[in-house]
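First comes the structure, then the notes that go with it.
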Amino acid sequence: MMKYVPDIYLDSMGYAFTIPLFKYLGGCQAGCYVHYPTISTDMLSRVKERKKTYNNPNFISGSSFLTSVKLLYYRLFAYIYGIAGARSDVVMVNSTWTQGHILELWNAKDRTSIVYPPCDTEEFLKLPLVDDSDKKEHSIVSIAQFRPEKDHPLQIKAFSLLLRRIPEEEREKVKLYLVGSCRNQGDADRVDALREMCEELKIRPYVQFKLNVSFADLKKYLGEATIGLHTMWNEHFGIGVVECMAAGTVILAHNSGGPKMDIVVEYNNKQTGFLADDEETYADAMETILQMTGKERMEIQKAARESVGRFSEQEFSAGFLNSVEQLLA
């Protein structure tokens, strides 16, 4: 390694522990682009509060001893992670949420800036925005891999609650499409469990699973959708949310992380979408959107589409180069 020492080392993979190595052994100018902190204060809080989640299973959350051991490990890891990351000469983060956690852990405020990730929305922006006042059927589309943190069960439960508010003879006019990829058998098993949940809630006829679809089909589903649905808690940014907005859906995203702080925010004093955080608030928001006039929905769709320019490849390039220039000084 010492034979090929770079002048600048820039980590964009989340390997913060390599930064001191290149800075002090290699004598490099070191920087990083952080997509997601390896550990966050939210993770510490959930373990401390003994909340069962996909990364804090019941056998740990239900044991005070194992919780204490995990907390000790997390705190030690966070301390070392902070020391390593703070060696960066330049720190770029992908969202306000990520910035907050990195500043708390790394204490590098004078070297940290937000550079939103590049979102390739060109093809989605080509989809026409059409007044859907005369639309007979409405689809709610979720675009997400079938990973546990995406929280598809919340989508299904909220949709079930929505259907219970709709007269039975009208329910055929509303469909939920879960569009996403299965990476492995674990994901496939989750899809089977979601199908069973739909059967138990007696909503199976109203829910469609679309697995590993082509990009052309993805555009088709989004182009026909009334609502774009996102339910991941504390997603660091949310490129899928940006894509839904660019495609012209009325976005309904989780009231946390990047969607809350950076994406589904007012743009030019206009509403760009809706936020929710549990079954009741998701069902409320879906009901509100479906009861809007086509003109009212169109106002939100237009504002949302205009707002995604903030996350273009051009904006990313300008922000990235401006930060990297500091390593060349």
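The values are calculated or read from the model by the stated rules, or taken from the named source; none is laboratory data. Quick caveat, the model's predicted, so the values are computed rather than measured. We place every Cβ from the backbone using ideal geometry, glycine too, and count neighbours over all the protein chains shown. Just the protein is used for accessible areas: all its heavy atoms, side chains included, with ligands, DNA and RNA removed. Shrake-Rupley method; radii C 1.70, N 1.55, O 1.52, S 1.80 Å.
Radius of gyration (Cα atoms) of the chain, expressed as a multiple of 2.2 N^0.38 Å: 1.10. Surface calculation, 1.4 Å probe, protein heavy atoms: LYS220 sits at approximately 100 Å² accessible. Counted by Cβ distance under 11 Å from GLU172, the other residues give a net charge of 0, where Lys and Arg count +1 and Asp and Glu count -1.
Summarised as an ellipsoid, the stretch 255-311 has semi-axes of 19, 17, 7 Å, derived from the eigenvalues of the Cα gyration tensor scaled by 5 and square-rooted, with the largest first. A viscosity of 1.306 mPa s and a temperature of 10 °C, combined with the Kirkwood radius over C-alpha pairs in the Stokes-Einstein formula, give the stretch 60-138 a diffusion coefficient of 95 µm²/s. Comparing Cα centroids, the stretch 164-228 and the stretch 290-317 end up 24 angstrom apart.
Here the Gaussian network model covers the chain, with springs between Cα atoms less than 10 Å apart; of GLU243, GLU299, GLU200, GLU200 fluctuates the most.
Can you give the log10 of the normalised intensity I(q)/I(0) at q = 0.13, 0.15, 0.23 Å⁻¹, computed with Debye over equal Cα scatterers of the stretch 1-103? Once normalised to I(0) and log-transformed, intensities are -0.56, -0.68, -1.11. Set the bar at 30 Å for Cα to Cα. Now go through LYS220/LYS302; LYS202/LYS295; LYS150/LYS302; LYS126/LYS157 and name every pair that lies beyond it. Cα-Cα > 30 Å for LYS202/LYS295; LYS126/LYS157; rest within. Shape descriptor for the stretch 82-191: Rg over Rh equals 1.14 (Cα atoms; Rh from the Kirkwood inverse mean 1/r).
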